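Student: First the structure, which I've put down as structure tokens, then a few questions once you've had a look.
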Amino acid sequence: AQAALALREERKKPLYQDEEYADVDWDNLGFGLTPADYMYVMKCSKDGKFSEGELSRFGNIQLSPSAGAIYEGTKAYRKENGKLLLFRPDHNAVRMQLGAERMLMPSPSVDQFVDAVKHTAFANKRWVPPSGKGSLYIRPLLMGSGPILGLGPAPEYTFIVYASPVGNYFKEGIAALNLYVEEEYVRAAPGGAGGVKSITNYAPVLKALSRAKSRGFSDVLYLDSVKKKYLEEASSCNVFVVKGRTISTPATNGTILEGITRKSVMEIASDQGYEVVEKAVHVDEVMDADEVFCTGTAVGVAPVGTITYQDKRVEYETGDESVCQKLRSVLVGIQTGSIEDTKGWVTCI
Ligand code: COI
């Protein structure tokens, strides 16, 4: 009641104050936040047009949890018997901690993180698709939520977990992807924060991605920022190259996201007798490969049908007998409980 009263009093104040000066110690101004009375807010919808803006009193704004910061992605699957399975959420917790450390943010403990994911999945269990129809994508995120004007750690952080049922990431469904090797824009530079799952690594790829999509490609492959010759990753996922029984993937050196699907697929592939190599993968090697495939939580394990680099377009093997398909079926089997989990990767909730 007191808060409501205060709000009513606040609203009674005139829009503009007519005192010549606000009540500020003008001789001792630093760069701390002293919010002035008003802020101007104008919103833009999908059509790219800003609506008429308006002044309102400075105050907190409402923000959708789905507006990103540092974020994670993990999935809950429904087993044939209806039980729910989570896939390696403790690895997402550790990755968030490493990312937060790079960005000088505090992060939840592994137990707090996993507990939050379990609670969110269980509370939303009616949104987990039937077995074989998709999964519940769970997005834990961490953002600076306290006020700050200068450059420095935020005075308050918020950790949120929300969920959404999802099917295939690409509009191609499970059909092979057509990728474009980007030469103008780079994704991340050595010493930067390319290995952090932060929105700062996703917003900068949108320009190259939308240009490639308008030309009919599914996604963009980025090259290293120094020599522009070595493969990094795609906008939304990691990438693997297959030649004979050898499977290579770009080594993580701080510019590449350390995917949990990437790590799991590497382990499955070596279990199956493939030689798995993490190294600098030259673009010429990609163009000469038998197969290329992508991995990610959102993407899963996705076959690549073609890659276009400069004026050359190469086609790759895909289909039921492909390495990609074999690895994918083991991974999906473990995630959905149709293959026994001997590795301790899935948690039943
Ligand atoms: C994921 O794979 O979980 C991601 O966050 C990728 C993103 C492009 C949706």
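Just so you know, all these numbers are worked out from the coordinates, no wet-lab data involved. Given the structure is predicted, the values throughout are model-derived calculations rather than measurements. Heads up, the Cβs are rebuilt from the backbone with ideal geometry, glycines too, and the neighbour counts pull from every protein chain shown.
Student: Return one number: the angle in degrees, 0 to 90 and rounded to the nearest 10, between the long axis of the Cα atoms of helix 260-271 and the longest principal axis of the Cα atoms of the chain.
Tutor: 20 degrees
Student: Using only Cα atoms and rounding to the nearest 10 degrees, what angle (0 to 90) does helix 110-123 make with the longest principal axis of the chain?
Tutor: That helix lies at roughly 90 degrees to the long axis.
Student: Mind pulling the per residue volume of the convex hull built on the Cα atoms of the chain? Å³ is fine.
Tutor: It comes to 187 Å³ per residue, whole-number rounded.
Student: Tell me the net charge near Ser109. Cut-off is 12 Å between Cβ atoms, Ser109 excluded, with +1 for each Lys or Arg and -1 for each Asp or Glu.
Tutor: -3
Student: What's the angle, to the nearest 10 degrees (0 to 90), between helix 323-336's Cα axis and the longest principal axis of the chain?
Tutor: 60 degrees
Student: When only Cα pairs under 8 Å and 6 or more residues apart are kept, what is the percent relative contact order across the stretch 48-123?
Tutor: 21 percent
Student: How large is the dipole of the chain about the Cα centre if only Lys and Arg carry +1 and Asp and Glu carry -1, each at its Cβ, rounded to the nearest 20 debye?
Tutor: In total the dipole reaches around 1100 debye.
Student: Turning to a different aspect of this structure: Please list 192-200, 109-117 highest first by mean number of surrounding beta-carbon atoms within 10 Å per residue.
Tutor: Result, highest mean first: 192-200, 109-117.
Student: Continuing with this model, one more query. Report the extension gain between Thr34 and Asn168 in nm, rounded to one decimal, defined as 0.36 nm multiplied by the number of residues separating them, less their alpha carbon distance.
Tutor: In short, 43.6 nm is gained.
Student: Let me ask something else about it. Calculate the spin-label point distance for Arg126 paired with Glu267, positioning each point 7 Å from the Cα along the beta-carbon direction, and give it in nanometres.
Tutor: Distance between label points: 3.5 nm.
Student: Per 5 Å bin, what is the whole-percent P(r) computed from every C-alpha pair distance within the stretch 142-195?
Tutor: That works out to 4, 11, 10, 10, 15, 18, 15, 10, 6, 1, in percent per bin.
Student: Give the cysteines in the chain for which no other Cys Cβ lies under 4.7 Å away, or write none if there are none.
Tutor: Taking the Cβ cut-off of 4.7 Å, the unpaired cysteines of the chain are Cys44, Cys324, Cys348.
Student: Using the Cα centre of the chain as origin and beta-carbon charges of +1 (Lys, Arg) and -1 (Asp, Glu), tell me which of Ser329, Met103, Val242 is placed farthest towards the positive end of the dipole.
Tutor: Ser329
Student: Separate question: Quick one, can you get me the convex hull of the C-alpha atoms of the stretch 59-198 expressed as volume per residue in Å³?
Tutor: Hull volume normalised by residue count: 163 Å³.
Student: Starting from the 7 Å offset along Cα-to-Cβ, what nm value, one decimal, do you get for the label separation of Glu101 and Glu184?
Tutor: So the label points at Glu101 and Glu184 sit 3.8 nm apart.
Student: Exceeding 32 Å between C-alpha atoms, which entries from my cross-link table qualify? They are Lys228/Lys343; Lys79/Lys312; Lys49/Lys213; Lys83/Lys207; Lys279/Lys312; Lys118/Lys326.
Tutor: Beyond 32 Å: Lys228/Lys343; Lys79/Lys312; Lys83/Lys207.
Student: Given labels modelled 7 Å from the Cα in the Cβ direction, how far is it in nm from Asp284 to Phe50?
Tutor: 5.0 nm
Student: Determine, for each peptide in 328-340, 140-152, the mean count of other beta carbons within 10 angstrom over its residues, then list the peptides with the highest first.
Tutor: Sorting 328-340, 140-152 by mean packing, highest first, produces 328-340, 140-152.
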